[in-house]
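Chemist: Sharing a structure with you now.
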Amino acid sequence: MNSSRQFGVLLLLSLLLTFSLSITSVYAADFQGSIKARLDTGQEVNTQSGLEYPDNLMDRTYFESLLTAEVHFKKIPVGKRLRLGIRMVDLEASDYDLNYTALEDQRRIDDKIYAQWTIAKWEVWAGDVTETFGKGLALSLYENRDLYYSTSLRGGKVSYISKKLRAKAIYGHSREWFNVQNDVVGGISLEYRPWRQWHVGVNLVHHEGVTYEKRFTPGIYSGGKVGPVSLYGEYAQRRPEDGDILAGDGTYLSAETTLLGVSAQINYKYYNFGIENPFQTPPIAEREITTTLLTQHPHVPDMVDQVGFEINLAATPIEVLFVDLNFSRSSRHSGNNPFPTLKQEDAAYWNFYGETEWYAHPNVTSKLAFGANEEAYPAFWQEKSGLREELIVTLGNLWSVTLDLENMWVTDRENDEDYTEQLIAVALAKATLGSIYLSYEQTGREDTTEGENWIGAELLFEMLKNHRLTLFFGQERGGLKCSSGVCRTVQSFEGLRLTYDGRF
């Protein structure tokens with residue numbers, strides 16, 4: 001069955017399920033589910049070809065569908081609740097994905113299968129499970145389909161929650177996919193709450209993989225409130241299974257308070273684990289989303305060797321004005337220095353970002369943002385600054401118009417080059433109906449790989465209740481796509497993309 005026919009079958013199936021479940025009820029059970037599907041057809045840039053744009057374009061056909069179904073039993077012989085779930089996947093990767101990203105075609109009825117049983121203060125999971133210990137220094141299991149990334153385990157999990165004590169135990173194996181091997185992971189976490197607003201926890205994780213040595217990751221964390229200040233700290237180590245030596249460690253600290261209408265937060269990281277581990281995703285301690293153009297040129301956090309801090313201030317000085325300011329610095333370790341340097345050999349990076357929202361009129365919102373950063377490491381040194389203005393006007397009958405203007409200035413010191421980039425976008429939307437989004441983006445840099453102009457249009461339709469269809473047509477710029485420090489490269493694309501999200 002070709003991709004377009006599959007997309008139509010999924011859409012019809014979702015609508016039929018919605019209709020059936022709306023008129024059918026089963027005693028003591030609730031049903032819910034979702035269908036997510038995406039179809040790309042067009043061309044994408046092959047950055048591996050060595051040819052110049054547009055001769056480096058190759059055909060792109062990509063299809064992915066996820067069908068999830070769950071049933072919740074309200075009345076069971078033993079326990080409070082039983083939840084059963086299954087997810088089916090059909091993935092047809094593009095030729096570029098197959099050849100250069102190690103992504104493979106997948107057709108599985110048991111892409112995810114799980115059972116959750118709750119009895120008294122206990123909860124038992126069987127099947128595919130996710131979990132995070134503390135803030136993720138020792139263990140962080142999650143999935144992000146946009147990044148082709150999943151560290152969920154197929155196995156089991158048991159947890160116990162009382163007023164004073166919380167305990168978790170997890171064991172299973174990961175599934176080999178993009179940037180993840182078939183590894184065996186097990187861990188246990190104990191958390192004690194001596195006071196209502198304070199907790200302390202310890203955990204231990206064991207990894208056994210095909211590409212690295214067996215190792216233990218012990219950790220400890222604690223957090224709570226002292227007056228108006230919220231504090232949190234976490235520390236984890238990497239220790240080989242066959243020795244007592246310390247092979248790496250990491251520390252994360254955070255403090256947050258609100259005083260006189262100003263919210264302040266400071267985060268500090270000191271990561272020196274020495275190796276990459278997909279099952280650890282500690283906080284990145286930096287602003288990941290800024291202006292659209294600056295975000296397309298992201299700094300990639302280094303969990304292996306990086307020290308840094310982040311300061312964020314937010315306030316509403318007057319009723320119609322909101323201000324948010326953020327500053328961060330990071331670099332590799334320089335000897336025993338606990339703070340980041342500004343030296344190029346240490347992969348130094350700093351970033352400032354500020355934005356305001358001004359509610360000038362009940363129907364008018366103005367957003368102004370400014371960002372600047374500098375990143376330098378061997379053979380690379382760039383300074384970037386960007387300015388964004390967004391105007392949102394609310395009209396009658398739930399209509400709104402949004403105008404987005406953005407400009408970025410780049411100085412490439414390594415190549416002695418200066419250039420600018422621009423983005424112009426306008427959107428017309430009506431609540432409960434849909435929206436139209438038009439965008440134009442261009443770069444002043446002579447880019448022989450991806451071109452210099454991108455024009456796109458996106459139509460979004462709200463179909464019935466909880467059904468959304470999105471159509472993109474035009475050109476989409478490539479670059480790095482990041483989330484929580486995990487990044488992958490997205491190729492420039494031109495053609496048609498159809499996405500569907502339905503819930504029933």
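What follows is calculated from the coordinates using simple rules that are stated; it is not laboratory data. Just so you know, these numbers come straight off a predicted model, no measurement behind them. Backbone-built Cβ (ideal geometry, glycine too); neighbour counts: all protein chains shown.
Chemist: If amide H atoms are built 1.01 Å from N in the plane of the peptide, which residues on other chains or at least 5 residues away come under 5 Å of the amide H of residue 347?
Modeler: It is 332, by chain and number.
Chemist: Let's test this: bin the Cα-Cα distances of region 179-238 at 10 Å from zero up to the farthest pair and state each bin's percent.
Modeler: 20, 37, 25, 14, 4
Chemist: Would you work out the charge dipole size for region 402-478 about its Cα centre, treating the Cβ of every Lys and Arg as +1 and the Cβ of every Asp and Glu as -1, and quote it to the nearest 20 debye?
Modeler: That gives region 402-478 a dipole magnitude of about 880 debye.
Chemist: Could you give each residue of region 467-482 its phi-based ³J(HN,Hα) in whole Hz, using Karplus coefficients 6.51, -1.76, 1.60 with θ = phi - 60°, and x for Gly or Pro?
Modeler: 10, 10, 10, 10, 10, 10, 9, x, 10, 10, 6, x, x, 8, 10, 10
Chemist: Please say if region 223-305 is rounded, prolate or oblate, where rounded means a/c under 1.5 for a ≥ b ≥ c the square roots of the C-alpha gyration tensor eigenvalues, and otherwise the choice is prolate for a/b larger than b/c and oblate otherwise?
Modeler: Note, shape of region 223-305 comes out oblate.
Chemist: Taking a ≥ b ≥ c as the square roots of the Cα gyration tensor eigenvalues, with a/c under 1.5 meaning rounded and otherwise prolate when a/b beats b/c, else oblate, which class fits the chain?
Modeler: rounded
Chemist: Add -39500 (n - 2.57) for each DSSP H run of 4 or more in the chain, then divide by its residues: what number comes out at 222 nm, to the nearest 500 deg cm²/dmol?
Modeler: Calculated mean residue ellipticity at 222 nm is -2000 deg cm²/dmol.
Chemist: For region 416-504, calculate the relative contact order in percent as a whole number, restricting contacts to Cα pairs under 8 Å that are 6 or more residues apart.
Modeler: Worked out over region 416-504, it gives 21 percent.
Chemist: Here's something else I'd like to know. Under a 5 Å amide H to amide H cut-off, with H placed in plane at 1.01 Å, what residues pair with residue 134 once short-range neighbours are removed?
Modeler: none
Chemist: Given H placed on each backbone N at 1.01 Å, which residues far from residue 142 in sequence or on other chains put an amide H within less than 5 Å of it?
Modeler: 151, 152
Chemist: From the backbone phi of region 194-200, what are the Karplus-calculated ³J(HN,Hα) couplings (6.51 cos²θ - 1.76 cosθ + 1.60, θ = phi - 60°) in whole Hz, Gly and Pro given as x?
Modeler: x, 10, 4, 10, 8, 9, 9
Chemist: Next question. Determine the alpha carbon to alpha carbon distance for each of 80/157; 75/163; 74/135; 214/343; 225/269 and list only those over 28 Å. Let's see the in-between values first.
Modeler: Working: 80/157 17 Å; 75/163 25 Å; 74/135 32 Å; 214/343 35 Å; 225/269 20 Å.
Pairs exceeding the cut-off: 74/135; 214/343.
Chemist: Ok, one more. Using only the Cα atoms of region 272-317, each taken as one equal point scatterer with no solvent, compute I(q) by the Debye sum, divide by I(0), and report log10 of the ratio at q = 0.20, 0.24, 0.30, 0.31 Å⁻¹.
Modeler: At q = 0.20, 0.24, 0.30, 0.31 Å⁻¹ the computed log10 ratios are -0.82, -1.00, -1.16, -1.18.
Chemist: Here is a follow-up. Where the only charges are on Cβ atoms (+1 Lys, Arg; -1 Asp, Glu), what is the dipole of the chain about its Cα centre, to the nearest 20 debye?
Modeler: That gives the chain a dipole magnitude of about 3520 debye.
Chemist: Same structure, new question: Which whole-Hz couplings ³J(HN,Hα) result when phi for each residue of region 117-130 is put into the Karplus expression 6.51 cos²θ - 1.76 cosθ + 1.60, θ = phi - 60°, listed in order with x for Gly and Pro?
Modeler: Whole-Hz 3J(HN,Hα) from phi for region 117-130: 10, 10, 9, 6, 9, 9, 9, 10, 10, 9, x, 8, 10, 10.
Chemist: Another one. Classify region 257-297 as rounded, prolate or oblate, taking a ≥ b ≥ c as the square roots of the eigenvalues of its Cα gyration tensor: rounded when a/c is under 1.5, otherwise prolate if a/b is larger than b/c and oblate if not.
Modeler: Verdict is oblate for region 257-297.
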